Amino acid sequence: MATILDGRAVSRIYRERIKEEVERFKRLGYREPSLAVVLVGNDPASQVYVNNKQKACKKVGIRSLFYHLPEDTPEERLLSLVGELNENPEVDGILVQLPLPKQINPQKVIETIDPNKDVDGFHPENMGKLFSNLEGGFVPCTPLGIKLLLDHYGIDLKGKDVTVVGAGYIVGKPLSVLMLNLNATVTVCHIYTKDLKEHTRRADVLVSATGVPHLIKEDMVKEGAVVVDVGISKKDGKIVGDVDFERVKEKASYITPVPGGVGPMTITALLLNTLKAYKKHLGLEGAASAV
Ligand code: NAD
């Protein structure tokens, strides 16, 4: 029976440290960190995510500024709002919730965000820094959250066979590069992979980020593997992940639940990235870090 990688518990520890650090800066006379959150339209899942992010900010003392634009917002209007937020000295981080309505090109929006305020880490400059294994950029929140979760449980990736299922721009692809930077041997699978099971069965650490409910079955997992489930989907009215948790937990050594695993860690990583942007912005980088 696997040990649960408890994203809620680990998040509480990180968030307490972030809160203490923010309070310390405020005691020293600095303003609080701030995150601008932009939501376009009324997608229910996006509204829940944005709400959770704002609540988490508030709890650690990060001010969140919320911009809710209508579904039919023209691309130009969103780009000009991002431009204003880039120029606003009171704004440390900018997050534009994805997905965006179809009249808006998400890549154009991502490229308009000031890389120094890009706390989601999706700007090509930050992706490039990750690819080049350079310090100082922002690592996308879900990959960073997974790394922090594995670190907390003392799971070292050096020399491990890691299989990442899913090669999306916001999770699978940057996560594969991050794990390669940590000296893992990384296999990346996707919808066109010929024999998925052949790759998943070899993995010491198996991460799935596809959004296909229960794609990963017990017979696809090596005995004693570490299993990280990023997927979030709805099945029979319940939130489920990519992994058939009930069966796979009997075979894995460690496993993340859905919900309560990667989700909270993603938000924790967003808070850390916002704190990092704030410190960069105010020249406080030398100060002690929450990580
Ligand atoms: P995406 O659509 O960008 O990428 C999905 C990837 O999965 C693609 O590379 C695709 O080829 C692959 N894929 C799809 N079906 C497959 C199959 N049958 N076999 C193998 N590969 C397959 O999606 P995304 O934005 O990366 O999100 C993936 C999942 O992670 C979604 O469920 C999303 O909700 C979830 N997610 C969770 C968090 C979190 O905090 N827990 C954060 C971001 C995304």
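A quick yes/no check of all residues on (1) under 21 Å from GLY261 (Cα atoms); (2) modelled with pLDDT under 95:
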residue: MET1; (1), (2): yes, yes
residue: LYS26; (1), (2): no, no
residue: ALA56; (1), (2): yes, no
residue: LEU81; (1), (2): no, no
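Please enumerate the residues belonging to the range 261-284 that are open to solvent by 10 Å² or more (accessible area, probe 1.4 Å), within 16 Å of the ligand (Cβ to nearest atom) and small (Gly, Ala, Ser).
Selection gives GLY263 alone.
What is the residue count in the range 137-156 for residues that are away from the ligand (no atom under 16 Å from the Cβ) and either among the acidic types (Asp, Glu) or touching a residue at least 60 places away in the same chain (Cβ under 8 Å) (or both)? Step through it out loud before you land on a result.
Residues of the range 137-156 away from the ligand (no atom under 16 Å from the Cβ): 137, 151-156.
Within this subset, residues satisfying the condition of being either among the acidic types (Asp, Glu) or touching a residue at least 60 places away in the same chain (Cβ under 8 Å) (or both) are 151-153, 155-156.
Residues meeting the conditions: 5.
List pairs: first in the range 241-264 and on the phi > 0 side of the Ramachandran plot, second open to solvent by 50 Å² or more (accessible area, probe 1.4 Å) and within 16 Å of the ligand (Cβ to nearest atom), Cβ under 9 Å, 6+ apart or cross-chain?
Note: pairs meeting the criteria are GLY260/ILE4; GLY260/ASP6; GLY260/ARG8.
Would you mind stating whether TYR192 is free of Cβ contacts under 8 Å to residues at least 12 places away in the same chain, within 14 Å of the ligand (Cβ to nearest atom) and among the aromatic types (Phe, Trp, Tyr)?
Values: free of Cβ contacts under 8 Å to residues at least 12 places away in the same chain: yes; within 14 Å of the ligand (Cβ to nearest atom): yes; among the aromatic types (Phe, Trp, Tyr): yes.
Yes.
Quick check on GLY286: is it assigned to a loop (DSSP other than H, G, I, E, B) and free of Cβ contacts under 8 Å to residues at least 24 places away in the same chain?
yes
Of the numbered conditions (1) touching a Lys or Arg at 6+ places or on another chain (Cβ under 7 Å); (2) among the hydrophobic types (A, V, I, L, M, F, W, C); (3) over 21 Å from ARG8 (Cα atoms), VAL60 fails exactly one; give the number of that condition.
Only one criterion is unmet by VAL60, namely (3).
Quick check on my filter: what residues within the range 18-37 are surrounded by 19 or more Cβ atoms within 10 Å (Cβ to Cβ) and assigned to a helix (DSSP H, G or I)? If you could, list the steps in order and put the result at the bottom.
Within the range 18-37, the first condition is being surrounded by 19 or more Cβ atoms within 10 Å (Cβ to Cβ), and the residues that meet it are 18, 21-22, 25, 33-37.
Correct list: ILE18, GLU21, VAL22, PHE25.
How about the range 63-72: which of its residues are farther than 13 Å from ILE94 by Cα and either buried (at least 18 other Cβ atoms within 10 Å of the Cβ) or in contact with a helix residue (DSSP H, G or I) (Cβ under 7 Å, 6 or more places away or on another chain) (or both)?
Taking the range 63-72 first, the residues farther than 13 Å from ILE94 by Cα are 68-72.
Listed by number, the list holds a single entry, LEU69.
Looking at (1) more than 16 Å from the ligand (Cβ to nearest atom); (2) touching a strand residue (DSSP E or B) at 6+ places or on another chain (Cβ under 6 Å); (3) closer than 23 Å to LYS19 by Cβ; (4) among the aliphatic types (A, V, I, L, M), which is the only condition LEU69 fails?
If we test LEU69 against (1) more than 16 Å from the ligand (Cβ to nearest atom); (2) touching a strand residue (DSSP E or B) at 6+ places or on another chain (Cβ under 6 Å); (3) closer than 23 Å to LYS19 by Cβ; (4) among the aliphatic types (A, V, I, L, M), just (3) comes out false.
Would you please list the contacts, defined by Cβ atoms under 8 Å and residues six or more apart or on different chains, that run from a residue in the range 157-183 that is more than 8 Å from the ligand (Cβ to nearest atom) to a residue that is of a type in the set (Asp, Glu)?
Sorted first by the residue in the range 157-183, then by its partner, the pairs are LYS160/ASP204; ASP161/ASP204; VAL162/ASP204.
Tell me the strands (runs of 3 or more DSSP E) entirely within the range 162-274 that contain at least 3 residues that are over 16 Å from THR3 (Cα atoms) and in contact with a helix residue (DSSP H, G or I) (Cβ under 9 Å, 6 or more places away or on another chain).
Details: elements: 185-189, 205-208, 226-229, 233-235, 238-240.
It comes to 185-189.
Testing GLY237 on (1) surrounded by fewer than 19 Cβ atoms within 10 Å (Cβ to Cβ); (2) within 15 Å of the ligand (Cβ to nearest atom), one condition comes back false. Which one is that?
The one condition GLY237 does not meet is (2).
Which residue out of VAL82, VAL91, VAL119 is over 22 Å from TYR30 (Cα atoms), surrounded by 17 or more Cβ atoms within 10 Å (Cβ to Cβ) and under 22 Å from the mean Cα position of the chain (by Cα)? Write out each step before concluding.
Details: VAL91 fails: over 22 Å from TYR30 (Cα atoms); VAL119 fails: over 22 Å from TYR30 (Cα atoms).
That would be VAL82, the only listed residue that is over 22 Å from TYR30 (Cα atoms), surrounded by 17 or more Cβ atoms within 10 Å (Cβ to Cβ) and under 22 Å from the mean Cα position of the chain (by Cα).
Taking the criterion of being within 21 Å of LEU275 (Cα to Cα), within 14 Å of the ligand (Cβ to nearest atom) and either touching a Lys or Arg at 6+ places or on another chain (Cβ under 7 Å) or part of a loop (DSSP other than H, G, I, E, B) (or both), would at least one residue in the range 110-118 satisfy it?
no
The values are calculated or read from the model by the stated rules, or taken from the named source; none is laboratory data. The model shown is predicted, which means the values in this text are computed figures rather than measured ones. Every residue, glycine as well, gets a Cβ built from its backbone with ideal geometry; the counts of neighbours run over all protein chains shown. In case anyone asks, the SASA skips ligands and DNA or RNA and just uses the protein heavy atoms, side chains included. Shrake-Rupley method; radii C 1.70, N 1.55, O 1.52, S 1.80 Å.
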